Amino acid sequence: MIDVNNEAKKALLNTGYNIVYQYPEHFNHLPVISYYNLAEKGAFYADNSECIQTGYIQVDIWSRSPKECYDISIKVNDAFAAEGWTRQMSMDVPKGNDKLYHRTMRFQKYFIL
């Protein structure tokens, strides 16, 4: 079994931004990228053994500017694509009372075991 969170972290380190697992504890050092494993499951089996695993990752970008969120999302998409991930969706999350801009993205990848 592949650690999907570790694979996502490797891709995100290539963006050059601060990254955190799951949710930022503080929003003092923006921008920040958070990530977590949405799901992982077997995708192909042979002789009662898992041969291919699929993993799904959620990435959230937090910023004080909508343009910065978008610009970072391009870098995130490029970093994940370079590692063989496919973007499944990307969207802006409506701004709340915290005055932060938030963009969410989801990626999927097949891992050969």
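Filter the range 93-110 down to residues that are open to solvent by 80 Å² or more (accessible area, probe 1.4 Å) and at pLDDT below 95, then give me how many there are.
Of the range 93-110, the ones open to solvent by 80 Å² or more (accessible area, probe 1.4 Å) are 94-95, 97-99, 106, 110.
Narrowing the set further to residues that are at pLDDT below 95 leaves 94-95, 97-99.
Going through the range 93-110 one residue at a time, the tally reaches 5.
I want to confirm something. Restricting to the range 1-24 and keeping residues that are of a type in the set (D, E, K, R) and touching a residue at least 40 places away in the same chain (Cβ under 8 Å), which single residue is most open to solvent (accessible area, probe 1.4 Å)?
K10
Based on what the data block shows, is G84 in a loop (DSSP other than H, G, I, E, B) and small (G, A, S)?
Yes.
This table checks each residue for (1) modelled with pLDDT under 95; (2) in contact with a strand residue (DSSP E or B) (Cβ under 6 Å, 6 or more places away or on another chain); (3) part of a loop (DSSP other than H, G, I, E, B).
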site: M1; (1), (2), (3): yes, no, yes
site: A8; (1), (2), (3): no, yes, no
site: C51; (1), (2), (3): no, yes, no
site: I61; (1), (2), (3): no, yes, no
site: C69; (1), (2), (3): no, yes, no
site: I72; (1), (2), (3): no, yes, no
site: K75; (1), (2), (3): no, no, no
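Taking only the range 35-55 into account, find how many residues are closer than 17 Å to R87 by Cβ and open to solvent by less than 50 Å² (accessible area, probe 1.4 Å).
5
Any chance the range 60-82 includes a residue that's touching a helix residue (DSSP H, G or I) at 6+ places or on another chain (Cβ under 8 Å) and loosely packed, with under 13 Cβ neighbours inside 10 Å?
Yes, the conditions are met somewhere in the range 60-82.
Mind listing just one residue for me: the one in the range 27-42 that is of a type outside the set (F, W, Y) and either outside any strand (DSSP E or B) or touching a His at 6+ places or on another chain (Cβ under 8 Å) (or both) and, of those, farthest from A11 (Cα to Cα)?
Top of the filtered list is N28.
The values are calculated or read from the model by the stated rules, or taken from the named source; none is laboratory data. As the structure is a computational prediction, the values presented were derived from the model and not from experiment. All Cβ positions, even for glycine, are placed from backbone atoms using ideal geometry, and neighbour counts span all protein chains on display. To get the accessible areas, we keep the full protein, side chains included, count just its heavy atoms, and leave off ligands, DNA and RNA. Shrake-Rupley method; radii C 1.70, N 1.55, O 1.52, S 1.80 Å.
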